[in-house]
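See structure below.
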Ligand code: ARG
Ligand code: ASP
């Protein structure tokens, strides 16, 4: 879910990452690929035994390389499994229970009947889609009482990783130093296309090649994607989202952030479109669930799909991100969120319409605030500068490396200085046009429809007819959750932000003239635009769309909201985008070389690749932390803490009556620990967005919790992981079982699972 968030970040332009190659050194004729791989894997591996580095330095490692790189460290920390138990292509392994959920979150198999667990916030969109005012599953929760009651979710997918292969040599074959970036990327794309058709796979499987270490290494992922994924159960938001945005990114935490789905397959257990004839999928592996609980110091690992990290940035990039970009987008979202929050609190209908959108916007807004605070508190920029000084000393002490890498940091400085205003404008644009002002996002979509219609010339009507059903269905979804009064207020406030925040030379004249006409009164401007626009109202819009293609297009082009949207889009495309992309490509190339330099100059250091939405393993231990001087946070929370936070009737901290009753009667069943119900715990696992829903596993590979968040003081871990302060937050699996059984009365689901007691070696079920 969170994946979309990083997509707005400039470092993220994945298409460009593919264009990179680290050993492409200016005066080097041919790239010695073998040598590099040797350096990267073998030399690094040689040093492992002598290295003092452990998982405490963080790291999200590639499962197929664990055997070579990490297994000793992991076992030393307490892991009782072998590398083959974690990842194997010949036998079933833990990997086969791990699912990429909808492409943005992680989930895991917990029964041999396709039962799958993920976070409540990962299933939120689906739970919301099935909710109405009468049947409000967000509010009341949902438990399918039998398989017939499970709910279909069109578009939702569940992807398994069949195999991971290092394809660096094939991807970089024929890439030579003389190539410019475009030639290079063309060669790489060609190689990838050949690879895609050549790699062994079944018909139901796909291949995806991904770049690692900023384009220095490539892996192919053979995947299998299931498409019939049904909603099985979810607690009410009072449990699944307890603490809501106030508690989000915060420890101590008491959120029961889980939901359950079931994967269905064809009769031969293969992916199939939704059908009543489909049967529950039988996974190659599913996770046993530990009833033994967790204690401080226990080994934990998290297996999932982290989305994006940038651990190897130069200090100048961190500085820009913190001081310019984060600050601007925090401020923009501040304004939008305040408006939406007020409207949601005043109207139950608006609350349902905007709950999911609000949560998404608020999530990264709060993350960036924490990130900035953490970068400041940990002196990340100063530390990185020190690191750079050490690196430069090594580089300059050798004449060959001095030629190759000596100018890297000053080149970064130049590029980032030039990049700043374009980077800022890009963020304003994406925050305002794509994310926060809904009518502008709609203009954006209509604009591409209008452009393509016009480009098609004589074939325009044909194009119109072929695309119209998709536009209709998009609009249906759009208006279901749209309130024009809310959007109008956001529009007025954020347009002002745009005009005041973006470099003057990037602003469209049309917009500036409008602003002038209304004498800088943005509210008045919004009132007028919204009074006359057809885009903000489904009846008007569908009426408009029922006319002939040419008159629909003419009417859209005259619409006042559309005109403002398009003026901003066109100005952005003409004045910002080209330069933005150009400098961004330069920065990516520098980053590729910089990554290579770091690996080459520090042969004793074990490097893990930045997250890129591919399968990874991270491990650590259950551990508390000191958020500030004199304060220690214990690593576990209990149901008692929910009662401490309880505020009757509150939008964030209400507690359902039934849960209060169970608490009062101490009806805890087999889930209690010393008379208490555990709720959450934290550990030193290095996680990020996309890891939500990932299983937290014990030393034997049993499920002990469900990852869903990180602590506020440590959200900078995406840029500057620090084991002293960075913690991931997990919901205790015993709380999940307790809620399913005692609160949801869905014990039959637990009967499907395999409960174990590894600490006492007694198999319960
Ligand atoms: N911060 C967590 C993550 O990035 C949880 C987000 C969902 N919860 C919320 N209250 N918005 O996904
Ligand atoms: N909450 C995040 C997610 O949804 C996890 C994180 O950022 O720690 O993936």
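Throughout, read-outs are computed from the coordinates displayed, never taken from laboratory work. Please read these numbers as outputs of a predicted model, since none were measured by experiment. As a convention, Cβ positions derive from the backbone with ideal geometry for all residues, glycine included, and neighbour counts pool all protein chains shown.
Just a few scattered comments:
- In nm, spacing of pseudo-spin labels at residue 396 and residue 92 (7 Å Cα→C-beta vector): 5.9
- In terms of overall dimensions, the range 477-633 has a Cα radius of gyration and Dmax of 24.7, 71 angstrom.
- Computed Kirkwood radius, in angstrom, where 1/r is averaged over Cα pairs of the range 310-426: 16.9
- For the chain, share of DSSP beta bridges that run antiparallel, in % to the nearest 5: 95
- Over all directions, the projected convex hull of the C-alpha atoms in the range 515-568 averages 3.9 nm² in area.
- Pairwise FRET efficiency - residue 295 versus residue 754, Cβ, R0 = 25 Å, nearest 0.05: 0.70
- Peptide ranges 699-706, 500-507, 428-435, 73-80 listed from the most packed, as the mean C-beta count within 10 angstrom indicates: 699-706, 428-435, 73-80, 500-507
- Column: log10 I(q)/I(0), Debye, Cα scatterers of the chain, q = 0.06, 0.10, 0.11, 0.12 Å⁻¹: -0.38, -1.12, -1.36, -1.58
- Rounded FRET efficiency, nearest 0.05, which uses the C-beta distance separating residue 323 from residue 542 and R0 of 60 Å: 0.85
- Per-residue extension of 0.36 nm, minus the Cα-Cα distance of residue 485 and residue 334, leaves a gain of 52.5 nm for this segment.
- Distance histogram in 10 Å bins (all Cα pairs of the range 440-543, percent per bin): 13, 37, 31, 18, 1
- At 1.567 mPa s and 4 °C, Stokes D of the range 169-286 from Kirkwood alpha-carbon radius, µm² per second: 70
- Relative to its Kirkwood radius, the Cα radius of gyration of the range 584-656 gives an Rg/Rh of 1.23.
- Cα-based Rg of the range 65-152 normalised by 2.2 N^0.38 Å, two decimals: 1.51
- Taken along the Cα-to-beta-carbon direction at a fixed 7 Å, the label points for residue 631 and residue 417 span 4.0 nm.
- Along principal axes, Cα extents of the range 638-729, largest first, whole Å: 45, 35, 22
- Only helices enter this figure: runs of n ≥ 4 DSSP H residues, each worth -39500 (n - 2.57), summed and divided by the residues of the chain, yield -13500 deg cm²/dmol at 222 nm to the nearest 500.
- Kirkwood hydrodynamic radius of the range 373-470, from inverse mean 1/r over distinct Cα pairs, in Å: 18.5
- Counting all C-alpha pairs of the range 161-210, share separated by more than 17 Å (%): 38
- Once the Cα-Cα distance is subtracted from the 0.36 nm per residue extended length, the residue 528 to residue 660 segment shows a gain of 42.5 nm.
- Size descriptor for the range 650-692, Kirkwood hydrodynamic radius: 13.4 Å (Cα pairs only, one decimal).
- With a Förster radius of 30 Å applied to the beta-carbon distance between residue 273 and residue 462, the computed FRET efficiency rounds to 0.60.
- Spin-label model, residue 183/residue 551: points 7 Å from Cα along the beta carbon direction are separated by 5.6 nm.
- Potential extension, residue 470-residue 82 segment - 0.36 nm per residue separation minus Cα distance: 134.7 nm
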